[in-house]
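Structure first, commentary second.
The values are calculated or read from the model by the stated rules, or taken from the named source; none is laboratory data. The shown structure was predicted, so the numbers you read here are calculated from the model rather than taken from an experiment. So basically every Cβ, Gly included, is an ideal-geometry build from the backbone, and we count neighbours across all protein chains shown. What goes into the accessible areas is simple: the full protein's heavy atoms, side chains included, and nothing from ligands, DNA or RNA. Shrake-Rupley method; radii C 1.70, N 1.55, O 1.52, S 1.80 Å.
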Amino acid sequence: MTAFLIPLATLLLLVCTWAGTYDAVRAHRQEAESHLTAELTGQALSLETRLQHELMVTSETLRMLASAIQADPAGFDLHAWQHETTDMAAGRAILIANAAGVVRASTRPGLLGLDVASQDYFRAARGREAHDARVVTGALRRGAVPWQWELTLARRLEHPDGSFAGVIAAPVDTASLTETDHGFDLGANGVIALESTDDARLHPLVGGADLADDSSIAGSGLAAAIGAAHEGVWTGSLPDEGIQRTVAFRHVPGSNLAVLAGVDPVEAMRSAAARDDQAWQIAAAASLILLGTAASLLWLNARNDRRAAALEHDQAVLTARMRQLEAALAGMGDGIMMVDAELRLVEWNASFPDLTGVPRDILHVGMSMEEMVRAQAVAGEFGTVDVEAEVKRRMASIRTGGSTGMIQRPRPDGRVLELRRNPLPGGGFVTLYTDVSMRHAMEQRLHQSEKMAAVGRLTAGVAHDFNNLLATIVGSAELIERQVGRDSALARRLELIMQAAGRGSDLVRQLLAFARQQPLEPVLVNLNQILEGMAALLRATVGSRIRVETKLANGLWQALVDPVQIEHVVLNLAINARDAMADGGSLTVVTANILLGEQHSGADLAPGEYVTVALTDIGTGMTDDVLRKVFEPFFTTKGPGRESGLGLSQVYGVASQSGGGVEIVSQYGQGTTVTVFLPRGKADASRPPARPRRIGQVEAEAQHPSAARRRAEAG
């Protein structure tokens, strides 16, 4: 009997050792590949953002230039215009060609007299119908800077009768695309390139020494991937090149271009491969030791009766070791199950029934796999299914080996289970069940955080550029107002322009609040005092059909926040609660002191002391899909024209920029609780207290709350 147990125990330990090493190496490999994919995706996003910004600025410059030329064709001076206009046109190579294609004005003197009639952008602009002011985009070509690709944007010029008068054009260079972000290393075989999606031609900017300029990748796997999706990651080698690369790509909106960032995956993951090799070496050494131990025990077992006493001692040692192994398996938090070649239960540990849903009282050695699967189906582990059909399907997959490897599946209680199944020599397999709910949740939070950061960077760029346009509009309107006077017939129209620009400025501030770039004036404030001062305004805002109840904590800490912005935050949340309770209800406002520890996972906050204000309604609540998008700018579930979708984005931005965060708990059909976390402020003689509100301000807002509501409802 002992001669049988020793090989079996050795085999089990070897299987566990190599299976564990295999799983660890695979997990480490997947983690390294995921990290590389995330880095490449971030680089592609950065490249797309830069190129899109260049295209937008160049297009806007051409629009402004076309307006100036059309206003005074004969007296227009390109150099004077470039000197007087905004810095968008500074340093740009601009040319103006007549109807025959001859350059008659340019910011580069060397281009004067050049014939551009054969250029694709000139022919495209000339072929446009009258009054078609859309921008024409030329094909990529080598520019004046050696080894640098550029494309030309152009607009049609017309005589007063609509006939073709020529073009204005400006090249967009790609110099800003030759650098990576955050010290990312492309390596010796890395590449940054542009692809023309019209003809599948590749134009390398950095690296790619083996890639010919303007080479076609039509018919390749990369071209198919770019044609099938707006963004993604592809691994393979390009035509006429033997280098294997992992490439992240993104289409540039409004153009026929895609940006690509690629690296040699073997080179990029060399350090990860070295660590994996070390793990295999350790497993090999452990296996040799295990085999040596097993060989020694077998040799001792073969000794004759002359060593009976020594043999009994060795058997006792072996029994103790087996008990230790069993104790280790029983104490593991992961569930373990072993079945033989006939798919009958051989071994399991205490965690197995808890993680699989198989009732503990029906488990026994020799139980068939089909019985266990049926028990799981009856317990609802696979959802609402036809039990016998599901058992038949799963058993067919198990018998054909289709279920070998690692998979994840959700459990009815919401937890996520990871199954790692490895075959045993001679038939059967060992399955390890691990609860990975926490890791899955952390991965989801990391993905959401990265997405919000990327949206924030893009939002900030758009807001700054939009602010420049508003400055031009306001400045021009003020100059016209000085010239025409307030009694002119144009005065009312100028006033409308200024009002529209003011609303645009409010929109910019809301966008900057989400992007955490809004200037704040944080001071020490008492949230209880602010809420007491807003009580009348809140009741007037939500209306008489909604009951407002406040529960203000005694001994509330002071918060470090901009008092004006926190009032906007509370008002925004109250308006959202009001809209969620169309038939009336109750709104509860609660303040509290909170000490967050390391394990808090709700609002993605650092451990520490926070002051919170929470608003709870009994309205319609939100679905999971809505909760995932609720902080994104311009996202709204309300009808067209009711709001801009920036309310919760502004709340998120103010809280985050103040050093806090926002947590939303909502159940569809039952209501929503929004909790705003603000950092606790410490008393400091050098820090000013909150500005006192003007006498009568709260009462005035309570009696005439429309202005305060308009400021909040704009979000």
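Solvent-accessible area assigned to carbon and sulfur over segment 353-412 amounts to 54 percent, based on a 1.4 Å probe. Taking a sphere under 12 Å around the Cβ of I168 and counting the other residues whose Cβ falls inside, with K and R at +1 and D and E at -1, yields a net charge of +4.
Top to bottom by accessible area (1.4 Å), largest first, where do L11, L62 land?
On the way: L11 70, L62 0 Å².
The most accessible residue leads, giving L11, L62.
Take the Cα of F76, step 7 Å toward its Cβ, do the same at Q315, and the gap between the two points is 10.5 nm. Placing R0 at 35 angstrom, the Cβ-Cβ distance between W280 and V365 gives a FRET efficiency of 0.55 after rounding to 0.05.
Solvent-accessible area per residue for segment 343-388 at a 1.4 Å probe radius, Å²?
Counting only protein heavy atoms, the per-residue value for segment 343-388 is 48 Å².
When all alpha carbon pairs of segment 353-427 are counted in 5 Å bins from zero, the resulting P(r) reads 3, 14, 22, 28, 24, 8, 1, 0 %.
Can you give the percent of C-alpha pairs in segment 149-197 whose distance is more than 13 Å?
73 percent
Modelled spin-label separation between N554 and A229, with each label point placed 7 Å from Cα along the Cα-to-Cβ direction: 5.8 nm. Atom-type composition of the exposed protein surface of segment 546-599 places 47 percent of the accessible area on carbon and sulfur (1.4 angstrom probe). Extension gain for R628-R142 works out to 170.6 nm (0.36 nm per residue, less the C-alpha to C-alpha distance).
Net charge near V266, counting Lys/Arg +1 and Asp/Glu -1 over other residues with Cβ under 14 Å of its Cβ? Result for the neighbourhood of V266: -2.
For segment 54-134, just say rounded, prolate or oblate: build the C-alpha gyration tensor, square-root its eigenvalues into a ≥ b ≥ c, call rounded for a/c under 1.5, and beyond that prolate if a/b exceeds b/c, oblate if not. Rounded, since a/c falls under 1.5.
The accessible-area ordering, largest first, of the residues W557, W18 stands as W18, W557, per a 1.4 angstrom probe. The H on the amide N of L257, modeled in the peptide plane, is under 5 Å from the matching H of T197, V252, each at least 5 residues off or on a different chain.
Phi angles across segment 111-128 convert, under the Karplus curve 6.51 cos²θ - 1.76 cosθ + 1.60 with θ = phi - 60°, into 3J(HN,Hα) values of 8, 4, x, 5, 8, 10, 4, 8, 5, 5, 5, 5, 5, 5, 5, 5, x, 5 Hz, Gly and Pro given as x. Highest mean packing comes first when the peptides 292-301, 658-667 are listed by Cβ atoms within 10 Å, giving 658-667, 292-301. Distances between placed amide hydrogens fall under 5 Å for T235 paired with V247, all partners being 5 or more residues away or on another chain. Considering all different alpha carbon pairs of segment 21-170, the Kirkwood hydrodynamic radius works out to 17.7 Å. In terms of the mean number of neighbouring beta-carbon atoms within 10 Å, the peptides 365-371, 259-265 order highest first as 259-265, 365-371. Our note on the geometry: Cα centres of segment 246-289 and segment 532-599, 49 Å apart.
Modelled spin labels at R108 and R123, positioned 7 Å past Cα toward Cβ, are 2.2 nm from each other. For segment 36-53, the Karplus equation 6.51 cos²θ - 1.76 cosθ + 1.60, evaluated at θ = phi - 60°, returns couplings of 5, 4, 5, 5, 5, 4, x, 5, 5, 4, 4, 5, 4, 4, 5, 5, 5, 5 Hz by residue, with Gly and Pro reported as x. With a 1.4 Å probe rolled over the protein heavy atoms of all chains, the accessible area of I398, I497 falls in the order I497, I398, largest first.
Heavy-atom accessible surface of segment 255-305, averaged per residue, reaches 55 Å², computed with a 1.4 Å probe.
Measuring r between the beta carbons of L298 and S237 and using R0 = 35 Å, the FRET efficiency lands at 0.10.
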